[in-house]
Structures are given as structure tokens and as C-alpha cells.
1. Once R0 is set to 45 Å, what does the formula 1/(1 + (r/R0)^6) return for the Cβ-Cβ distance between Lys312 and Glu148, expressed as a FRET efficiency to the nearest 0.05?
2. Please identify every one of the trypsin sites (Lys or Arg not before Pro) in the range 35-113 that sits in a loop by DSSP and has no more than 12 other beta carbons within 10 Å of its own beta carbon.
3. Against the longest alpha carbon principal axis of the chain, how many degrees, from 0 to 90 and to the nearest 10, is the axis of helix 30-39 turned?
4. For the range 438-505 and the range 221-250, compute the distance between their C-alpha centroids and round to whole Å.
5. Report ³J(HN,Hα) in whole Hz for each residue of the range 415-431, in order, from the Karplus equation J = 6.51 cos²θ - 1.76 cosθ + 1.60 where θ = phi - 60°; Gly and Pro get x.
6. Using the crude model of +1 on Lys and Arg Cβ and -1 on Asp and Glu Cβ, and no other charge, please compute the dipole size for the range 120-200 relative to its Cα centre, in debye to 20.
7. If you average over every viewing direction, what projected area does the convex hull of the Cα atoms of the range 48-145 give, in nm²?
8. Tally Lys and Arg at +1 and Asp and Glu at -1 over the other residues with C-beta under 12 Å from the C-beta of Ala96: what net charge comes out?
Amino acid sequence: MKLSLYTDDLRDAMADVVAVGVFSDEPDRGLAFASLNRGLDGALERACRDEAFKGHSGQTLVFNVAGGIAATRVVVFGFGERKQYGAERARAFAGAASRVASRVRAKSLALQLTVPDDGVVDVLQLVGALAEGSVLGAYVYRAHKTVEPGEDTLDDVRVAFVAEDVQGVKGSALRRALERGQQLADATLFSRDLVNAPPNVLTPIELADRCKRMAKIAGLSCKILNARDLDRQGMHLHLGVAKGSDHEPRLIHMTYSPEEKSERTVALVGKGLTFDAGGLSIKTSEGMLEMKSDMGGAAAVAGAMMAIAKLKPACVVHGIIGAAENMPDGRAIRPSDVLPSKRGLTVEVINTDAEGRLVLADAIAYAQDQKVDELIDVATLTGACMVALGKKTAGAFVNDERMAARLEQAWKASGESFWRMPLDPALDAQLDSDIADVKNLGERYGGAITAALFLQRFVEKPCAWAHLDIAGPVLSAESVDYKTKGATGFGARTLAEYVMIVPKKR
Ligand code: BES
Ligand code: MN
Ligand code: ZN
């Protein structure tokens, strides 16, 4: 997709679709709307009245142009109240507009940039958000559709603004913001493609191959460990989870190193279950339905690494993925098996469906062998987290307050929804086993917390550590603003934004 700046009136933009956002508490709908409306002899305002379009947050009106302006369609998007406006509303606007454009097979789109005059919202953030929304909203997963030749796709998006709106900000800075937004969004689409891929295609080996290919193009180093390597590493939790599957497990280790020597190293660790049938503690058919997305954490890490290679942060970043498939068969691990871990602790397996924490525990130990200052793991870890927070919000468990503050800054920048969760020490004893050092299951209540506490037992101090449970937002049940139905690519942008604000020195 080609993203560019446009400084003329939106009305004159030679684009198939033009889009403008309006505030619900601004009845005259602003200058850009007024200009379009004049070009259309008042028909746009009449359509808004007919459709009871008030500009409520997310409200979208698609107007079919019958003449007067060059575009064939106008999208009017509701920003909601003026004081609620910010980068996330702008991202939603661009997403909604590009989704319409993509649906009607438009090739070009012009978006009006809205900058509130109170100066509280950063223009560069808004421009970046428009780029992200445009790329994310136009996404369609076509890999397994028989595509008709010559089908049009949206490939030209222009961001329109008037000079007063961006006073003081140079064109080069605006273009850089567009580029940065596009890089973050392209990386998110890589994550979405991984999650949307069916599990017969995206096996652990295929996941490793795709990461390796991406890493090569992006300029990251990439090492793949096979089952024999995992055995040498003592990773018997990871190997154990994979034992019931015909597909061999992999550990994927990508590394970004900045040009200037860095004192600080961050590890991003992703759960990469390419399919989770539950193992011998088998799931119901309904419970299995969405389990191709059980590598959503891995996808977030891979996407983040792709963005990081472009954004070039100051610290070293390891992207580590534990890839496996959890299936039941004669060689599968059993409930009550005891497995040794890379870290040294022995684990009693109570439930083979609590497999993500097993794979992650070994991957965390592997990551800490790389001498990292900070570690973030990302996983579709528990249904309990969805019970606690709903399907749109991820849980964030953090053992370090400075890291928590930076993470919050990162998720505010990305617009992704997270909620801080407690690492409640009162629940930790639930993980004591009668016959091993730790067991992989606590009580039903607080299941997201005991899963996090299990991981915490494998984090060697001193290390700032965060665990992000993205079981809910990894998929979206519907297409809404820049989210398209199916994989969301959740986590990739927040992780990349996070790494960008990690301080250079300890
Ligand atoms: N991958 C699942 C968690 C999950 C469930 C993600 C639903 C997305 C949607 C995880 O491996 C799992 O099976 N968790 C079990 C844990 C239980 C056995 C303690 C769960 O949440 O039911
Ligand atoms: Mn499971
Ligand atoms: Zn799982």
C-alpha cells in the first residue's frame, strides 16, 4: 500500500473513496464535511439526516456519489465526543474507511486528518494512527481462497490536511510518521496471517520456516532448534507437550542487535501452540474450534520482531517462540506424569490441557540463558482470563513497577486494550505438588492468576518480567473499525512500542 500526504481540499481528491470524521458534539460537522457537502449540493447532509447520523463513536455512513465530486463514495465516520478524541479514534476512522474501500474494491482512498485545536493530541501520533488504521482495515486473508485474476485491492491511501492543522511540523516528519505507522501495521498483518493459517498448514515446522524467511528479509538473525536440540537443552516440558503429535516441536530464536552497542537486552517469549486439542485431557469439539489461534503469542512476537527490525530500537531484542502441537495419542504425556524442566524444577502434569505454561516455562529458562534484563511473555494462556476480562482485553501480570509503567505507555500508544492483573502470592501454594517441585494446575477460581504464578516460578531473579495473557483479543468475532474478523494480530504493536521506550542504560 502506498501512503502519502495530500494538502488540497478533500473534495478535489482524485480518489475512489474519500472519508471524513465528525464529532457528535459539533452539529456543523466541521470544515471538511462542509466542503464535501457543498460539492454534493447538500446531499451529504441530507443523507446524514435521513440515516439519523449523529457522529456517535464508531457510527459510519457510506454515501454513494451520483456526481459533483470525483469520488464514487464518501465515508462519514463518527468520532464521538470531542474530548474523547485521540489516536485510537483516528485509527478506528481510518480502519472503518479502508474496510469500506476494500469491500467496494476501491483502489484509492483519501482520509481527512482531524487535529483538535486544543493541542493536546500529537499530530505525528494521529498521522501514524491513520496509517495503521488504513493498512489494518483493508486486510483480507486470501491465502486459501481461489482468487479471481485482476481483482482490485486498495493500494493508494492519501492523508489530507490543511496547513494550519500541522503548524510547525515538517513534511518530512509527517512522512516518517506515516512510514512508521505502516511498518507497525504491516508487521501486525504478518501476525494475522500466521494466526489465520489453518493448523494442517501452519505446523511448528512451518511456523519456524515462516519466521526464518521473515527474519532473513528483515535482517534479523534466526536460529531454529529441533527436537534433538531441545533434548540437549534439557527442555523436557516443551518436548513433553509435543509428544502426542506427529509434528516435531521447534524453538525459534530471532535476534535484533542495534548498530551501536547496547547495555540493555529484552526478551519477547511467545506461546506457539499451532493447535491445542488438549492432549489426553482432551477438549470438547467446541472447545477445539478456535485452537488454531493458540500460537497467537508467537505471532505477536514474530510480528513485533518484524516491526523492530524496521524501527531500530536502541536495545538488543531476542524473539523466542516455543512451537509445538498438543495432541492425544499413545506417546502423549499423561495426567500425573512428572517431567524435568530446563530450569531444573520437576513438574507434575495434572492436566495436559494446561500445556502453554509448560512450553513457556522452558522457553523462559532458555531466554534467561541469553542474559536478559527484561522478559515479556505473550500467550493465549487461559480461558479464565477471558472470563475475567472479556474477549477484547488482555491481562497484564508484571513483577516490576517501572516496567509496568512503560508497558502501560506502550499499550496506550498502540490502542490495544490491556488490564493489570495481580500476581497474588496467596494463591501460589495451590501449585505445590505432593510428589514434584510444582504442579501445572491450581484451583478453578483465579485460573489466569495461578497460570501466571506457575510461570513466575520459572523466572530467575533479578529480571523484570511481564506475562501478557491474550486469549481473548487474539481473535475478533466481527469486523469492526481496523479489526477484521478472525485474527487481530493483537500484541505485536504493543510489544514493538514497548521496546522503543526501553531506556538505553541500566
Ligand atoms: N489455549 C488454552 C487457553 C484458551 C482457551 C485460549 C480458550 C483461548 C480460548 C489453554 O492451553 C488451555 O487449554 N487452558 C485451559 C486450562 C485449564 C486446563 C486449566 C483453560 O483455560 O480451560
Ligand atoms: Mn490447552
Ligand atoms: Zn493452549
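Values quoted throughout were computed directly from the atomic coordinates according to the rules given, and no laboratory measurement underlies them. Computed from a predicted structure; not experimentally measured. Virtual Cβ from ideal backbone geometry, glycine too; neighbours counted across all protein chains shown.
1. 0.70
2. Arg105
3. 50
4. Using only Cα atoms to place each centre, the spacing works out to 22 Å.
5. x, 7, 8, 10, 9, 5, 10, x, 8, 5, x, 5, 9, 4, 4, 4, 8
6. 240
7. On the way: hull surface 30.9 nm².
Averaged projected hull area, Cα only: 7.7 nm².
8. On the way: positive: Arg89, Arg91, Arg99, Arg103, Lys483; negative: Asp481.
Result for the neighbourhood of Ala96: +4.
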